[in-house]
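Contents: one structure, followed by commentary.
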Amino acid sequence: MIGSSNDSVLFDTNILVYSYDVNSPNHKVAQKLRDAVNEGKMKAAIAPQNLLELYSTITNVAKNENPASPNEAILEVKKFLASRFELIELSGRELETTLLLIKGNHVTSRRIFDVYLVATMLSNGIKTIYTANERDFEIFKGIKAVNPFK
């Protein structure tokens, strides 16, 4: 299991999106990270949630001038499934862990998805997430958010 190593990182969805979007100012760095994983130079994971969010983001007409078609988005998701990224498994405890994590923190709206991702990380022993939005994860003890674009 990937989470058994301290070297393992989870890629947040924004890293996946930037690696896909050649027009993003973060594309080159994100693509280098993706390549490092696929070349076996880096051990990384993604969660099913990341792939669903990737599909949602790249097909979203409101967020993209030229959104991906459903078929293009499916192909991109399948590239990740066929890659060296480990798709971490859900244990069934993530929802309960999510509720524990939001207790005492002011989590509302879409932030719940970040909390669920943290719960998924923790249930797989992953302590580091690469993200462009490290502030979204700073309230969580036990994990480290790293912004590879800084």
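Can you give me the distance in nm between label points at E138 and N23, each placed 7 Å from the Cα along the Cα-to-Cβ direction?
That separation, rounded to one decimal, is 3.1 nm.
Compute the whole-percent fraction of alpha carbon pairs in the chain spaced more than 23 Å apart.
Working: 3776 of 11175 pairs.
Taking all Cα-Cα pairs of the chain, the fraction more than 23 Å apart is 34 percent.
Taking the chain as a Gaussian network, where each spring joins two C-alpha atoms under 10 Å apart, which residue of A132, A68, A30 fluctuates the most?
Greatest mean-square fluctuation among the candidates belongs to A68.
Could you run the Karplus curve 6.51 cos²θ - 1.76 cosθ + 1.60 with θ = phi - 60° over the stretch 128-143 and give me ³J(HN,Hα) per residue in whole Hz, x for Gly and Pro?
Couplings: 10, 10, 8, 7, 7, 10, 4, 5, 5, 10, 5, 7, 9, 6, x, 10 Hz.
Residue separation times 0.36 nm, minus the C-alpha to C-alpha distance between L75 and V146: what's the value?
On the way: separation 71, 0.36 × 71 = 25.56 nm, distance 2.78 nm.
Here the answer is 22.8 nm.
Rounding to the nearest 20 debye, state how big the charge dipole of the chain is about its Cα centre with +1 on each Lys and Arg Cβ and -1 on each Asp and Glu Cβ.
Details: 18 positive and 17 negative charges, 65 e Å.
The dipole of the chain has a size of about 320 debye.
Show me, for the stretch 79-96, the HN-Hα J-couplings you get by feeding each phi into the Karplus relation (A = 6.51, B = -1.76, C = 1.60, θ = phi - 60°), rounded to Hz, glycine and proline as x.
Karplus-based 3J(HN,Hα) across the stretch 79-96 equals 4, 5, 5, 8, 8, 7, 5, 8, 7, 6, 8, 8, 8, x, 9, 4, 5, 4 Hz.
Be a star and scan the stretch 107-150 for residues whose amide nitrogen sits under 18 Å from the point 7 Å along the Cα-to-Cβ vector of K32.
Residues passing the 18 Å test: 130-133, 146-150.
Efficiency by 1/(1 + (r/R0)^6): what FRET value for L52 and E96, r their Cβ-Cβ distance, R0 = 25 Å, to the nearest 0.05? Mind showing how you got there, number by number?
Details: r = 21 Å, r/R0 = 0.82.
Taking R0 as 25 Å, the efficiency between L52 and E96 is 0.75.
Going by C-beta contacts inside 10 Å, put E53, E94 in order with the fewest on the left.
On the way: E53 18, E94 22.
Fewest-to-most ranking of E53, E94: E53, E94.
Please list, in chain and number order, the residues 5+ apart from A45 or on another chain whose amide H is under 5 Å from its amide H, with Hs placed from the backbone.
Hits under the 5 Å cutoff: V9, L10, F11, E86.
Quick one: order R34, R93 by neighbouring beta-carbon count within 10 Å, fewest to most.
Numbers: R34 23, R93 13.
Ascending number of Cβ neighbours within 10 Å: R93, R34.
If you rank L90, L16, L95 by fewest surrounding Cβ atoms within 10 Å, what's the result? Spell out each step's value before the answer.
Values: L90 15, L16 25, L95 11.
Sorted ascending by nearby Cβ count, the order is L95, L90, L16.
Under a crude label model (7 Å from the Cα following the beta-carbon direction), how far is K127 from R84 in nanometres?
About 2.3 nm, to one decimal.
Just so you know, all these numbers are worked out from the coordinates, no wet-lab data involved. Given the structure is predicted, the values throughout are model-derived calculations rather than measurements. Methodologically, a virtual Cβ is constructed for each residue, glycine included, from the backbone with ideal geometry; neighbour enumeration extends over all protein chains shown.
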